[in-house]
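Accompanying notes for the structure given below.
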Amino acid sequence: MTTSSGTLLAFLISRSTVADRLWIVFSAMIILASLWFTGSEPGEEVVIFRNAQRIEALPLDQPAKRSLPGRLGPVEIEIRDGAARLREFESARMIGTRTGWISATGEIAACVPCGIMIRISGGAPSTPTYDAVAR
């Protein structure tokens, strides 16, 4: 059976009832409202950890760059426009760099091989954006 997406949509609309359509609209509104209200507050500072030890906290409202020695080489932390990011240069997968800019309270960016982690703190507590923590 080969149908285009327009024909498939027309088919689904013709087979659904008014109650089905109302249920879909209601569900979509609930999903959008939950996404809207679970947003986190902007953070006030970035806390820097090396080998699980807090070493420094910097305000997010002042541009700054710090270069820290990591286990694999230097890791740069950049703060700009109320957000922070990691830039590692020797890590194989570059996961800390790929995290990108973080700005909401509770957000984390880490380069585990280098032993460097940054976390946004301050502001109202938020729902964590990670789904698991391993020790």
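None of the figures in this text is laboratory data; all of them are computed from the coordinates on show. It should be emphasised that the depicted structure is a prediction, and the values quoted were computed from it without experimental measurement. FYI the Cβ positions are ideal-geometry reconstructions off the backbone, even for glycines, and counts take in every protein chain you see.
How many nm is it between the label spots at Arg54 and Asp81, if each spot is 7 Å from the Cα in line with the beta carbon?
2.9
Can you give the direction-averaged projected area of the convex hull of the alpha-carbon atoms in the range 45-121, in nm²? Please list the in-between numbers first.
Details: hull surface 16.5 nm².
The orientation-averaged projected area of the Cα hull of the range 45-121 comes to 4.1 nm².
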